[in-house]
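K.L.:
Starting off with a structure, shown below.
The values are calculated or read from the model by the stated rules, or taken from the named source; none is laboratory data. Treat the numbers as computed from the prediction; the structure is a model and nothing was measured. Don't worry about glycine lacking a Cβ; one is built from the backbone with ideal geometry, like all the others, and counts go over all protein chains shown. Accessible surface is based on the protein model in full, side chains and every heavy atom, while ligands, DNA and RNA are left aside. Shrake-Rupley method; radii C 1.70, N 1.55, O 1.52, S 1.80 Å.
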Amino acid sequence: MNRSLALLVALCAVALPVASQAQTCESNAEIAVLASPVAPWHGAPLRVVVALEKPADGELALIAPDGSVAVTAPRRYAGIPYVWYAEVKSPAAGNWQAKLTRGGCPVAGWTIAVAAGKPASPGGAAGSVWPVRQNWSRATENLFSAWVEKLFDAPLDQDLSWPALHVGLRDASRNFLFDHLGLGEDRMKITLRPDCADLPYFLRAYFAFKMGLPFGYSKCSRGGGGKPPQCFAWDSIQTDAPASSNLAASFGSFTRKLADVVHSGTGRTPAASNKTDYYPVPLSQETLRPGTIYADPYGHILMLTRRVPQTESTAGVFLAVDGQPDGTVARKRFWRGNFLFAQDAALGSPGFKRFRPIVRDRSGRLRPLSNDEIAKSPDYGDFSLEQTKLSVEDFYDKMDDVMSPSPLDPLGAMKEAITSFEEQVRTRVNSVENGRKYQARAKGEISMPNGAAIFETTGAWEDFSTPARDLRILIALDVVTHFPERVARRTDRYAMPAGRSASDVKAQLQDVLLQELATRKFSYPRSDGSQWTLTLKDVVDRAQALEMAYNPNDCAELRWAAPANSQEASTCRAHAPSAQRAKMAQYRPWFHERRRPPRP
């Protein structure tokens with residue numbers, strides 16, 4: 001069976017295996033290409049992905065064996081990386097041509113052999129959860145970024161949310177690695193419900209499983225007692241020998257073990273440590289690519305999925321996804337209310353980080369690269385301690401500069417912040433509703449942890465309470481309501497209207513802020529299932545009551561801080577026990593002061 005993929009760059013032919021072996025070749029830009037499935041054949045869609053690191057325009061065409069053009073595709077994502085994606089649902093058997101052209105001039109070409117019958121599917125490998133067929137490199141990292149970006153692609157104004165990760169992975173229109181191995185592996189109903197710490201690992205492991213790449217993970221402490229998290233052991237797909245000869249079943253078993261080991265502390269390990277799964281990167285458009293994670297100092301982890309460049313009329317945006325304890329996966333924007341930052345050695349090192357690359361040594365054993373090796377690697381070279389030297393304000397200022405290098409329109413920037421706040425509020429609707437549904441079918445109250453454990457525990461409290469989410473919403477509320485003051489303080493960052501003073505602009509922004517908060521509405525289901533509508537202004541006005549609105553034993557009305565004896569609260573039938581209310585009153589200063597307590 002011919003699995004060759006011939007890459008023509010600058011009219012020079014270079015042989016590339018088609019079996020998902022991503023390779024690079026230098027012409028005007030570094031090129032990575034993937035043909036999927038691993039063994040193309042007539043009975044499965046043919047998908048071709050091309051990724052470049054440097055800005056480039058052009059068109060990707062798939063040409064059938066008879067010479068006809070089956071499909072053309074413009075550049076899909078304005079990276080980094082810059083990505084083209086083309087698909088043919090039922091490819092004819094024979095040699096297909098994939099050609100990338102720019103301005104009518106050929107840039108690169110590939111020959112893809114499509115079999116008439118289904119080829120043999122790849123099997124397992126002794127002593128490994130899945131066989132390792134290739135190494136992590138700049139090319140495979142670019143394809144990983146391209147895969148993450150397409151998986152979570154949606155219009156900027158669309159709420160993207162799934163009840164579980166497997167919902168998105170089973171969508172062949174999103175997942176260009178769907179059934180990549182030809183095993184029907186994505187039709188086997190493997191359940192994946194990662195929380196925020198698990199999500200990046202599950203995505204990285206899934207991509208590595210499909211592409212035959214190395215994968216490993218560290219066993220780490222959570223920190224506490226004034227000390228940051230530390231990692232003390234490292235395992236890989238070689239040390240977790242599969243219990244089944246079925247590759248897909250082995251992957252499913254592996255993810256369950258993975259979920260039991262990794263946690264939010266794994267992302268907050270000290271930046272200079274070599275014994276970590278992530279390493280810190282500098283803050284730039286080149287390094288903050290899809291697949292980069294963000295670890296906040298209080299235990300939440302997100303993964304970047306896309307950068308939307310700044311335009312003349314809109315600010316630049318970073319989009320990210322996170323997992324919730326109930327399994328929900330949702331997309332959100334980078335902004336101060338979602339991505340918390342602090343410098344406290346006891347909490348570890350927060351910030352943006354990438355997965356530490358894993359390589360095979362001469363004996364074939366897997367090991368992670370050290371920070372020094374990453375810094376010197378031509379495929380990476382982006383290890384940096386820059387973020388550890390930034391104050392909180394410096395961090396957010398630098399991120400503003402990365403997202404939007406040109407001065408921002410102050411009114412447009414404020415509306416973007418309000419939209420981000422609104423997204424957080426709407427996401428909370430789902431979390432409170434999940435608690436309401438659980439409350440309706442469960443018997444008895446949910447036990448409440450003590451102290452800082454309310455933010456970090458297991459069981460029904462973790463799944464249905466919202467202390468961490470509510471703390472972030474309160475912080476986001478402060479960011480929005482104080483936005484006019486920020487503009488007046490940082491006039492150099494904004495394109496201030498000619499002839500208008502900072503105080504004039506501040507007054508205008510305050511007026512618009514009140515209007516926007518009053519007109520943006522959302523609804524939540526009350527205890528009887530009826531919908532009740534609130535505005536963002538209601539949320540702002542109820543900030544004080546929302547400091548004690550995270551308990552899943554309370555009715556939905558109380559969790560949205562409905563005033564006592566109001567029509568809104570009339571359907572409430574559930575109240576947290578008095579002992580729990582007393583503990584919440586004791587912990588209230590954390591929320592009022594917008595600070596999360598350290599782990600004991």
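K.L.:
Anything in the range 365-384 that is aromatic (Phe, Trp, Tyr) and either part of a helix (DSSP H, G or I) or open to solvent by 30 Å² or more (accessible area, probe 1.4 Å) (or both)? List them, or say none.
P.N.:
Phe383
K.L.:
Is it fair to say Ser250 is modelled with pLDDT of 95 or more, polar (S, T, N, Q) and either closer than 22 Å to Val132 by Cα or out of contact with any helix residue (DSSP H, G or I) (no Cβ under 8 Å at 6 or more places or on another chain) (or both)?
P.N.:
no
K.L.:
Sticking with this structure for a sec: Surrounded by 14 or more Cβ atoms within 10 Å (Cβ to Cβ) and outside any helix (DSSP H, G or I): is that true of Asn551 in this structure?
P.N.:
For Asn551, the condition - surrounded by 14 or more Cβ atoms within 10 Å (Cβ to Cβ) and outside any helix (DSSP H, G or I) - is met.
K.L.:
Working only within the range 450-466, note down all residues that are surrounded by fewer than 21 Cβ atoms within 10 Å (Cβ to Cβ) and touching a helix residue (DSSP H, G or I) at 6+ places or on another chain (Cβ under 8 Å).
P.N.:
Matches in the range 450-466: Asn450, Gly451, Glu456, Ala460, Trp461, Asp463.
K.L.:
Condition first: within 25 Å of His166 (Cβ to Cβ), in contact with an Asp or Glu (Cβ under 6 Å, 6 or more places away or on another chain) and not in a strand (DSSP E or B). Now tell me which residues in the range 304-336 satisfy that.
P.N.:
Pro325, Asp326
K.L.:
Taking the condition closer than 22 Å to Gly323 by Cβ and open to solvent by 30 Å² or more (accessible area, probe 1.4 Å), does Glu485 pass?
P.N.:
no
K.L.:
I would also like to ask the following. Mind listing just one residue for me: the one in the range 557-592 that is among the charged types (D, E, K, R) and closer than 23 Å to Ala452 by Cα and, of those, least open to solvent (accessible area, probe 1.4 Å)?
P.N.:
Arg559
K.L.:
Given the criteria open to solvent by 10 Å² or more (accessible area, probe 1.4 Å), of a type outside the set (Phe, Trp, Tyr), under 21 Å from Leu340 (Cα atoms) and without any contact (Cβ under 8 Å) to a residue 24 or more places away in the chain, does Arg595 qualify?
P.N.:
Taking the combined requirement at face value, the residue satisfies it.
K.L.:
Sort through Ala113, Ala154 and tell me the only one that's touching a residue at least 60 places away in the same chain (Cβ under 8 Å) and part of a strand (DSSP E or B).
P.N.:
Ala113 is the lone residue from the list that is touching a residue at least 60 places away in the same chain (Cβ under 8 Å) and part of a strand (DSSP E or B).
K.L.:
Does Thr266 satisfy the criteria of being of a type in the set (Val, Ile, Thr), over 20 Å from the mean Cα position of the chain (by Cα) and either assigned to a loop (DSSP other than H, G, I, E, B) or crowded, with 18+ Cβ neighbours inside 10 Å (or both)?
P.N.:
no
K.L.:
Here is a further query. Residues being open to solvent by less than 70 Å² (accessible area, probe 1.4 Å), touching a residue at least 40 places away in the same chain (Cβ under 8 Å) and touching a Pro at 6+ places or on another chain (Cβ under 8 Å): count how many of those fall in the range 83-110.
P.N.:
7
K.L.:
Those residues that are among the basic types (Lys, Arg), free of Cβ contacts under 8 Å to residues at least 24 places away in the same chain and in a helix (DSSP H, G or I), I need them from the range 439-478; list them, please.
P.N.:
Matches in the range 439-478: Arg441 only.
Conditions tested, residue by residue: (1) touching a Gly at 6+ places or on another chain (Cβ under 8 Å); (2) surrounded by fewer than 17 Cβ atoms within 10 Å (Cβ to Cβ).
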residue	(1), (2)
Ile112	no, no
Ala125	no, yes
Pro131	yes, yes
Ala139	no, no
Ser145	yes, no
Gln158	no, yes
Trp162	yes, no
Ser173	no, yes
Leu177	no, no
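K.L.:
Same structure again: Within the range 385-401, how many residues are touching a strand residue (DSSP E or B) at 6+ places or on another chain (Cβ under 9 Å) and open to solvent by less than 20 Å² (accessible area, probe 1.4 Å)?
P.N.:
Going through the range 385-401 one residue at a time, the tally reaches 3.
K.L.:
Examine the range 294-303 for a residue that is in a strand (DSSP E or B), in contact with a Leu (Cβ under 8 Å, 6 or more places away or on another chain), of a type outside the set (Phe, Trp, Tyr) and within 20 Å of Gln158 (Cα to Cα), and state whether such a residue exists.
P.N.:
yes
K.L.:
Does Arg362 count as farther than 30 Å from Ala502 by Cα, part of a loop (DSSP other than H, G, I, E, B), basic (Lys, Arg) and open to solvent by 30 Å² or more (accessible area, probe 1.4 Å)?
P.N.:
yes
K.L.:
Shifting gears a bit: Hey, does the range 465-487 have a residue that's over 32 Å from the mean Cα position of the chain (by Cα) and more than 24 Å from Leu546 (Cα to Cα)?
P.N.:
no
K.L.:
Which one is most open to solvent (accessible area, probe 1.4 Å), of the residues in the range 51-77 that are part of a loop (DSSP other than H, G, I, E, B) and at pLDDT 95 or above?
P.N.:
Among them, the one singled out is Asp66.
K.L.:
Kindly indicate which of Lys219, Lys189 is at positive phi and without any contact (Cβ under 8 Å) to a residue 60 or more places away in the chain.
P.N.:
Just a single option satisfies the conditions, and that option is Lys189.
K.L.:
Still on this structure, please answer the following. Just name the residue that is nearest to the chain's Cα centre (by Cα) out of those in the range 530-548 that are under 15 Å from Ile473 (Cα atoms) and open to solvent by 60 Å² or more (accessible area, probe 1.4 Å).
P.N.:
Of everything passing the filter in the range 530-548, Lys537 is nearest to the chain's Cα centre (by Cα).
K.L.:
Moving on to the next point. Which condition does Glu149 not pass, out of (1) outside any helix (DSSP H, G or I); (2) modelled with pLDDT of 95 or more, if it passes all the others?
P.N.:
(1)
K.L.:
Tell me, which residue of the range 488-523 that is open to solvent by less than 60 Å² (accessible area, probe 1.4 Å) and part of a loop (DSSP other than H, G, I, E, B) is modelled with the highest pLDDT?
P.N.:
Arg520
K.L.:
Does Ala116 meet the test of being over 30 Å from the mean Cα position of the chain (by Cα), open to solvent by 60 Å² or more (accessible area, probe 1.4 Å) and modelled with pLDDT under 95?
P.N.:
no
K.L.:
Taking the range 93-104, which residues are out of contact with any Gly (no Cβ under 9 Å at 6 or more places or on another chain) and part of a strand (DSSP E or B)?
P.N.:
The answer is Gly94, Asn95, Trp96.
K.L.:
Just the residues that are touching a residue at least 24 places away in the same chain (Cβ under 8 Å) and in contact with a Pro (Cβ under 9 Å, 6 or more places away or on another chain), please, taken from the range 518-541.
P.N.:
Matches in the range 518-541: Trp532 only.
K.L.:
Answer yes or no as to whether Lys389 is under 15 Å from Val281 (Cβ atoms) and more than 23 Å from the chain's Cα centre (by Cα).
P.N.:
Yes.
K.L.:
Consider Ala585 carefully, then state whether it is over 35 Å from the mean Cα position of the chain (by Cα) and aliphatic (A, V, I, L, M).
P.N.:
no
K.L.:
Residue check, Ser527 against (1) closer than 24 Å to Glu593 by Cβ; (2) open to solvent by 20 Å² or more (accessible area, probe 1.4 Å); (3) of a type in the set (Ser, Thr, Tyr), all met but one. Which one?
P.N.:
Failed condition: (1).
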